[in-house]
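Student: Let me give you the structure first, and then I'll get to my questions.
The values are calculated or read from the model by the stated rules, or taken from the named source; none is laboratory data. Quantities reported herein were computed from a predicted structural model and do not represent experimental measurements. All Cβ positions, glycine included, derive from the backbone under ideal geometry; neighbour counts span all protein chains shown.
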Amino acid sequence: MDWKRQCAAVIPCFNEAAGIGMVVSETQKHLPTVIVVDDGSTDATAENARAAGAEVVRLAKNSGKGAALRAGWQRARELGFAWVLMLDGDGQHAADDIPRFFDCAGNSGAALVVGNRMGDCPAMPWLRRQVNRWMSQRISRMTGAKLPDSQCGFRLAHLQTLSGLTLFANRFEIESAVLVAFCRAGWKVEFVPIRTLYGNSGSKINPLTDTWRWLNWQFQNQTIEWTD
């Protein structure tokens, strides 16, 4: 697989002007085509991403991570790519881990490869670690698969397979929705260990509203409940 020709990076962003240039530059060491989706930012995110060499897709208003990812996937399809690599725009994901995703997909035949931060737990803020574990347990029960890090946004996906799934999630619940859709459709999902790089930037997740959205999403999609 010629990953540089067959895969594009998709980075959803909201007000990441300070660091997006570095994220784009580091990602381009592995993938020349980087698509930054500016989710209605009010700062210079789009300008800085473009200056660093990314193609920028701008959403007129803040619509959520799920909506931004779908816009990125659509642009990657228009450009003729077969795969998309997704990572966050805040510098949390180490671009040097990208080859691990390619190796895993090539060796396993997985249609979706997800980063697993849980081997580096001390680096993750305590509350985020506990919430991630709880959500991962719930998603694992829904799908009957062992999913150690269901909320990681660092992912590699086969684009045609991804495009054939029905996904309505617009915000942070998109991570769970994609995993459940792949598992229920019978596609192979694998996880690869990655590093966690938590800097000074705060999380865009609102503990109350986003947890409520996730619980509502789970209630609507919990057609299969697995027991331990």
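Student: Within the stretch 21-35, how many residues are more than 19 Å from W73 (Cβ to Cβ) and of a type in the set (A, V, I, L, M)?
Tutor: Count: 1.
Student: crowded, with 24+ Cβ neighbours inside 10 Å, modelled with pLDDT of 95 or more and in a strand (DSSP E or B): is that true of V56 in this structure?
Tutor: In short, no.
Student: Is there any pair linking a residue in the stretch 102-122 that is of a type in the set (S, T, N, Q) to one that is at pLDDT 85 or above and outside any loop (DSSP other than H, G, I, E, B), with Cβ under 7 Å and at least six apart or on different chains, and which?
Tutor: Cβ pairs passing all conditions: S108/E190; N116/F191; N116/V192; N116/P193.
Student: Here is a check on your reading of the model: is V10 in a strand (DSSP E or B) and within 19 Å of the chain's Cα centre (by Cα)? Reasoning before the result, please.
Tutor: Numbers: in a strand (DSSP E or B): yes; within 19 Å of the chain's Cα centre (by Cα): yes.
Considered against the rule, which asks whether it is in a strand (DSSP E or B) and within 19 Å of the chain's Cα centre (by Cα), V10 comes out as yes.
Student: Here's something else I'd like to know. I need the full set of residues from the stretch 141-177 which are in a helix (DSSP H, G or I), farther than 14 Å from A110 by Cα and either touching a Pro at 6+ places or on another chain (Cβ under 6 Å) or at pLDDT 85 or above (or both), in order please.
Tutor: Across the stretch 141-177, the qualifying residues are S163, I174, E175, S176, A177.
Results for (1) closer than 24 Å to R184 by Cα; (2) of a type outside the set (A, V, I, L, M); (3) buried (at least 18 other Cβ atoms within 10 Å of the Cβ), shown as yes or no for each residue.
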position	(1), (2), (3)
A9	no, no, yes
E16	no, yes, yes
T45	no, yes, yes
L69	yes, no, yes
W73	yes, yes, yes
G115	yes, yes, yes
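Student: I'd like the residue in the stretch 83-113 that is among the hydrophobic types (A, V, I, L, M, F, W, C) and over 22 Å from S25 (Cα atoms) and, out of all such residues, is surrounded by the fewest Cβ atoms within 10 Å (Cβ to Cβ).
Tutor: Result: C104.
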